[in-house]
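Trainee: This structure is in C-alpha cells; I'll ask about it shortly.
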Amino acid sequence: MCQDDCQRQGMVFNVQKYSVHDGPGIRTIVFLKGCSLSCRWCSNPESQQREPELAFNAGRCLGVSKCGHCIVACPYGSITLGEDDKLRIDRSHCTACHMPCADACPAQGLLVYGKQRTVDDVLNVVEQDMAFYARSGGGLTLSGGEPLLQGEFAVALLREARARRIKTAVETCGMVSAETVRAAAEYLNYVLFDIKHMDSAEHEAQTGLSNRHILENFRILAEEFPDLPILARTPIIPGFNDSEQAVTAIAQFLKPYDRVEYEMLPYHRLGTQKYQFLDRPVPMGEVKLDAEHMNRLQAVAQSILGQRVRVPH
C-alpha cells in the first residue's frame, strides 16, 4: 500500500507550518493547485490553475543593470527590459516551459507557484512537527485551491498520513465528485467546508458554478459520516452574501445538522499582492467589509444556531 501511495505525485504550491486557524491544534497545511470555482474574492489566485505558474515580485528584482540572468535563461526570449530598468514578461510561453528563469534569479524575484511532489516527500515534511501535533491535537490539513480536485493524490496523502498516525483535515469548497468526497472522508478526522451562498444563481454569478453539487456533497458528509466533525464556513463578501437574508438562509440550512459548527470569515485583501505577482487585476478592487456590519451578521447566525457559531478572533 505505502509503495503505491508514497510515490503518487500531485501539484503542490506551498507547505505552511504552524497554522492554528485551519483545523484543531497546530497544523501543517499542504496547498494543492487547481480549483473548479473562480471566486472573485479568492485570496490564493496562484491556486486556481492546475499547472505551475510564473510569478514576478518586482520589489525583489535587482534590475537588469545589476543582474539580467533571467533574460539570458529564458529559452523563448519572453523576458525583456521595460521602463525604469524593470522586467517585462510575456507569459504566453510559460505553460510549455520548465521556467529556468526562476532558477537563475539570485534574488527570488521570479518564482514558480506549483511543483510536482510525491506523497512521501510531502509527508516527510509534515512529520517534522509530530511533537507539536501530539501536544496540541493538530496534524495535516489539505487546502488549495480545491485539494480534492486532485482526488487520487489527495486521498493517497490522507491514507498514508493516517497510516503514519497523523490526524487529518481538509478545507474544501465541495465542488468535486461525490465519489471523491466519500473516499476522502474515510481518512479524515475533520472537515472545513465552505458554504458561500444558498441561492444557486447568485452563487454561479460570483463563483462561476452553481451550488447544487456543493450542497449535495455537504449532505453526504453530514448524513453518511455522522462521526466526522464538520465546521461549515462562509467568507462574508461585500455585495455577495453580506446581507441578513443570505446569512439566515445558510444558518437555516445548517440548523438540522446539530453536530455541525459554523464560522463566518470577514472578507480581507491579503491576497492582493499575489494578483500583482501574476500580472492579473484584483477582481474585488478596494472594497472593504465594515466591522460593525459583520458583528450584526454574527448575531443573526447566533440567533438561529446558538453556541454552534464560532466567532473568529
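Trainee: In terms of modelled amide H atoms, which long-range or inter-chain residues lie less than 5 Å from the amide H of ASP242?
Mentor: Those lying under 5 Å, H to H, from ASP242 are ILE237.
Trainee: Based on the Cα coordinates of the chain, what is the per residue volume of their convex hull in Å³? Kindly include the intermediate steps, with their values, before the conclusion.
Mentor: On the way: hull volume 46.0 nm³, N = 313.
That works out to 147 Å³ per residue.
Trainee: So, one more: Relative to the present Cα-Cα distance, how much length would full extension add between GLN276 and ALA178 at 0.36 nm per residue of separation?
Mentor: So the extension gain works out to 31.8 nm.
Trainee: For segment 125-221, what is the convex hull volume of the alpha-carbon atoms per residue, in Å³?
Mentor: So the per-residue Cα hull volume is 97 Å³.
Trainee: Quick one: putting +1 on the C-beta of Lys and Arg, -1 on the C-beta of Asp and Glu, what dipole do you get for the chain around its Cα centre, in Debye to the nearest 20? All intermediate terms of the calculation are to be shown ahead of the outcome.
Mentor: Details: 33 positive and 38 negative charges, 110 e Å.
The calculated dipole for the chain is roughly 520 debye.
Trainee: Let me ask something additional. In bins 5 Å wide, starting from 0, what share of all Cα pairs of segment 205-313 does each bin hold, as a percent?
Mentor: The calculated distribution, bin by bin, is 2, 10, 19, 20, 18, 15, 9, 5, 2.
Trainee: Out of every Cα-Cα pair in segment 1-149, what percent are more than 21 Å apart?
Mentor: Percent of Cα pairs beyond 21 Å in segment 1-149: 55.
Trainee: With the alpha-carbon atoms as the only input, what is the per residue convex hull volume for segment 12-90 in Å³?
Mentor: Considering the Cα atoms of segment 12-90, their hull volume per residue is 156 Å³.
Trainee: What's the carbon and sulfur percent of segment 1-50's accessible surface, probe 1.4 angstrom, rounded to a whole number?
Mentor: Values: 1010 of 2310 Å².
Exposed carbon and sulfur together represent 44 percent of the surface.
Trainee: Turning to a different aspect of this structure: Return the inverse of the average 1/r over all pairs of distinct C-alpha atoms in segment 88-141, which is the Kirkwood hydrodynamic radius, in Å to one decimal.
Mentor: Every distinct Cα pair counted, the radius reaches 14.4 Å.
Trainee: For segment 218-265, which semi-axes, largest first and in whole Å, follow from the square roots of 5 times the eigenvalues of its Cα gyration tensor?
Mentor: With the √(5λ) rule applied to segment 218-265, the semi-axes are 23, 10, 8 Å.
Trainee: Percent antiparallel among DSSP beta bridges with both residues in the chain, to the nearest 5?
Mentor: 40 percent
Trainee: Once neighbouring chains are kept in place and the probe is 1.4 Å, which whole percent of the accessible area of segment 184-313 is contributed by carbon and sulfur?
Mentor: 49 percent
Trainee: Right, next: For the chain, what's the relative contact order in percent, using C-alpha pairs closer than 8 Å and at least 6 residues apart?
Mentor: Details: 583 pairs, mean separation 59.3, N = 313.
RCO, the chain: 19 percent.
Trainee: What are the extents of the Cα atoms of segment 164-258 along their three principal axes, in Å, largest first?
Mentor: So the three principal-axis extents are 44, 26, 21 Å.
Trainee: Taking 8 Å as the Cα distance limit and 6 or more residues as the minimum spacing, I'd like the relative contact order of segment 1-128 as a percentage.
Mentor: Averaging sequence separation for qualifying contacts and normalising by length gives 32 percent for segment 1-128.
Trainee: Oh, and also: Among GLY10, THR141, ASN44, whose Cα projects farthest towards the positive end of the dipole of segment 5-160, with charges put on the beta-carbon of Lys, Arg (+1) and Asp, Glu (-1)?
Mentor: So the residue we want is ASN44.
Trainee: Might you tell me the accessible area per residue for the chain, computed with a 1.4 Å probe and given in Å²?
Mentor: Per-residue value: 48 Å².
Trainee: So what does log10 I(q)/I(0) come out to for segment 264-313 at q = 0.15, 0.25, 0.27 Å⁻¹, using the Debye formula with one equal point on every Cα and no solvent?
Mentor: Taking Cα atoms of segment 264-313 as identical point scatterers yields -0.55, -0.91, -1.00.
The values are calculated or read from the model by the stated rules, or taken from the named source; none is laboratory data. The structure presented is a predicted model; accordingly, all values stated were derived computationally and were not measured. No Cβ is skipped: glycine too gets one built from the backbone with ideal geometry, and neighbour counts run over all protein chains shown. Just so you know, the surface numbers come from the protein's heavy atoms only, side chains and all, with ligands and any DNA or RNA stripped out. Shrake-Rupley method; radii C 1.70, N 1.55, O 1.52, S 1.80 Å.
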